[in-house]
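Please read the structure below before turning to the comments.
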Amino acid sequence: MARTSIFRIIAILLPFLLLGLLELSLRLFHYGYETSLFIEDPGNKDYLSFNPDASRRYFTDQLNATTGNREPFRKVKEAGTLRIFVLGESTTIGYPYFHNGSFHRWLQYRLMRSFPDKKLEIVNLSLTAVNSYTVLGFAREVVNYAPDVILIYAGHNEYYGALGVGSTNRLGNNPRLVNLLLWLRKLRTVQLLTKAYGKVGRIFSSDADKAGKTRMQLMVANQQIAYGSPMYSNGITQFETNMDEALNVFHRRGIPVFISNLVSNLRDQRPFVSITAGDTTNAQYDYAQAGRSWDSGDYVTARRDYVRAKEMDALRFRAPERMNEIIAGFSRKYDNVHLVDTRAAFEAASDHGIIGKSLLLEHVHPNLTGYALMSDVFYHALQQQGIIPLARDRELTFNQLLADMPLTRVDSLSGAYKIANLENNWPFNDSGRVKGPPSRDDLHLSTEEEDLAYAVAFEHLSWEEATGQLYDFYSKTEDWAKAAIVMEALCLEHPSEAALYEKTGMLYGKLKENDNAILYFGEAFRLEPSFERAHYLFVLCLQADRPTEALPYLDYAIANNSSGMNLQPIRTGAVEIMQLENQVGKDSTQTDVLQKIARAYRQMGNEPAALKYMSLAERAQKKPAR
């Protein structure tokens, strides 16, 4: 009996032992891919960056797996750093602009300009063609990397994103079972089986099945998901279950989460698929009714029917209203979760409160103004919760943000070209056939910016390469203002590279824009302090009549003086000017004090600042006594 029991135990354990040996062998020979969220950044061993393979376990067909941004952050978080992680889908990563068109880059630029002394790390972990499964999976890992804040915008892809209930990449309708299978995909053995399954599937699926279909169409298994149907309800359950668990992960760690509700194009996006469910009207009928109400000036009824048309649209690329209710409920359930009311902001900025193409490009993706507005709502939500300070003298207003954001014509045009191509194909084009991108002749390209934008959109020229070529073009034509904007854009893309900030500061110095020169030299100095940068900075600060800011750079330059310059008289003069300016602050009519400041600046060789105070003194002398 004992021998029989031993054989039974061996028989039970043997498959597991063989699987264990297979797993060890596969790892020994480096088969498969690492699924961890972050890897050591290839460019700097002191930094981590988003693992390009992190998304692969969410896609049944590995050929459809998408990759995201590379935004390095320090392995060891520096004291005083505000570290923000961003989770979501294609809107959250900024489609079709990506890079500096995305809402988090608008936010990054505004924070940098408004609070230049703040150490900031914003890392966007969003991907196209994914949904709440990646939000949950990434949430479980990102909590281990010292986040101060989490920003989330997700919900439109629950039906057709990877593992969505209506997608070709689905694994089932039970979110908990699907999440177990996703965990198993960390194993190299499961990765081997998944790859084999994919190859077998491609053998039995003819190329004709895929011919003439876009990637967007290939992700869709069920084009008719009726309102209130079991599959419709499964999508909502999937979203609520995954997002609740993700938010619970952050709640257990006490990490503030800012989750936005969702916006959809109501007025200018007709329903994709209109079917009649039971005795109810169909989506196309509701859309037509809404249009008639709009034309008659009955905007309340129009909005109701536009919403109903979106809800009844059976091709579910726009999130149901129920998801916004769920999102609002999370902010009530968890004390660390704060609702970001993007929808209210978009409605307030839309004609008669009905969102359309003034802010959205097609069905769900904002245009550049829309992404800026989205960033503004997150910005004020962060302020309201005390994550960032309230208004101060240098705070960049929303209108200034719109004017100053370093977006090039290549950024805006490449996005426009991508959307034009998207709308040429399914589901926007009823033919169902894939139309190739518009030709260069069709678009009548005539400028360097247009050529580069076309190459980014359709010819696989990277944004980085195109931006570099654009800088070279502006340099050759000596258009230094546009060259400086390009360099600012590169600083946002590579916020840890001091040389880019220095080059930007040099360009703004060349343009005599001292405030911008100080900003970018200051960032370069913060990342990599040096005597040369400190020297540039204290000179620029004094030229701009900012002696208080000049003093720390003067002190650094004196302590690390590699030039043999006698900087002590300059420091003495700066301190004297600070004291005199404090007196002027109390009484601007003190001409003798103003003249002393002018003399102190003149002794430094700072003639522009000296002339400024001499002019103030002359005006003070002419002002009649009260």
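The values are calculated or read from the model by the stated rules, or taken from the named source; none is laboratory data. Note that the structure is a prediction, hence the values are computed from the model and not measured. Because the Cβ atoms are built from the backbone with ideal geometry, glycine has one as well, and the counts that use them run over all protein chains shown.
Helices (runs of 4 or more DSSP H) wholly in region 349-439 with at least 2 residues that are hydroxyl-bearing (Ser, Thr, Tyr) - which ones?
The qualifying helices (runs of 4 or more DSSP H) are 368-384, 409-422.
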Quiz item: Can you find even one residue in region 497-504 that is over 26 Å from Gly573 (Cα atoms) and hydroxyl-bearing (Ser, Thr, Tyr)?
Solution: yes
Self-check item: Of the criteria (1) free of Cβ contacts under 8 Å to residues at least 60 places away in the same chain; (2) under 25 Å from Met323 (Cα atoms); (3) not charged (D, E, K, R), which one Ala129 fails
Solution: (1)
Practice problem: Sort out which residues of region 324-348 are in a helix (DSSP H, G or I) and among the hydrophobic types (A, V, I, L, M, F, W, C), and write them in order of number. | Solution: Ile326, Ile327, Ala328, Phe330, Ala344, Ala345, Phe346, Ala348
Exercise. Residues being closer than 25 Å to Arg215 by Cβ and not in a helix (DSSP H, G or I): count how many of those fall in region 446-476.
Key: 4
Practice problem: With respect to Asp451, determine if the residue is surrounded by fewer than 18 Cβ atoms within 10 Å (Cβ to Cβ), outside the structural domain of Pro72 (by TED's automatic domain parsing) and more than 20 Å from Leu120 (Cβ to Cβ). | Solution: no
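For region 65-113, which residues satisfy the criterion of being touching a Pro at 6+ places or on another chain (Cβ under 6 Å) and among the hydroxyl-bearing types (Ser, Thr, Tyr)?
Thr67 - this is the single residue of region 65-113 that is touching a Pro at 6+ places or on another chain (Cβ under 6 Å) and among the hydroxyl-bearing types (Ser, Thr, Tyr).
For Val307, are the conditions met, namely being outside any helix (DSSP H, G or I) and of a type outside the set (Ser, Thr, Tyr)?
no
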Exercise. Looking only at region 96-127, count how many residues are at negative phi, surrounded by fewer than 23 Cβ atoms within 10 Å (Cβ to Cβ), in a loop (DSSP other than H, G, I, E, B) and not acidic (Asp, Glu).
Key: 4
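From Ala372, Ala345, which residue is at pLDDT 95 or above, touching a helix residue (DSSP H, G or I) at 6+ places or on another chain (Cβ under 6 Å) and within 16 Å of Gly101 (Cα to Cα)?
Values: Ala345 fails: within 16 Å of Gly101 (Cα to Cα).
Exactly one of Ala372, Ala345 is at pLDDT 95 or above, touching a helix residue (DSSP H, G or I) at 6+ places or on another chain (Cβ under 6 Å) and within 16 Å of Gly101 (Cα to Cα), namely Ala372.
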Quiz item: If you take the residues of region 163-195 that are basic (Lys, Arg) and assigned to a helix (DSSP H, G or I), which of them is surrounded by the most Cβ atoms within 10 Å (Cβ to Cβ)?
Solution: Arg188
Quiz item: Checking Arg343 against (1) over 22 Å from the mean Cα position of the chain (by Cα); (2) of a type in the set (D, E, K, R); (3) in the same structural domain as Arg105 (by TED's automatic domain parsing), which single condition isn't satisfied?
Solution: (1)
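Per-residue answers, yes or no, for (1) part of a helix (DSSP H, G or I); (2) touching a His at 6+ places or on another chain (Cβ under 9 Å); (3) in contact (Cβ under 8 Å) with a residue 12 or more places away in the chain:
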{"site": "Glu245", "(1), (2), (3)": "yes, no, yes"}
{"site": "His251", "(1), (2), (3)": "yes, no, yes"}
{"site": "Ser264", "(1), (2), (3)": "no, yes, yes"}
{"site": "Val273", "(1), (2), (3)": "no, no, yes"}
{"site": "Thr281", "(1), (2), (3)": "no, no, yes"}
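Look through region 505-522, keep the residues that are among the aliphatic types (A, V, I, L, M) and in a helix (DSSP H, G or I), and return whichever of them is farthest from Gln579 (Cα to Cα).
Leu507
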Exercise. Scan region 227-267 for residues that are hydroxyl-bearing (Ser, Thr, Tyr) and either more than 18 Å from Val135 (Cα to Cα) or surrounded by fewer than 22 Cβ atoms within 10 Å (Cβ to Cβ) (or both) and jot them down.
Key: Tyr227, Ser229, Tyr232, Ser233, Thr237, Thr241, Ser264
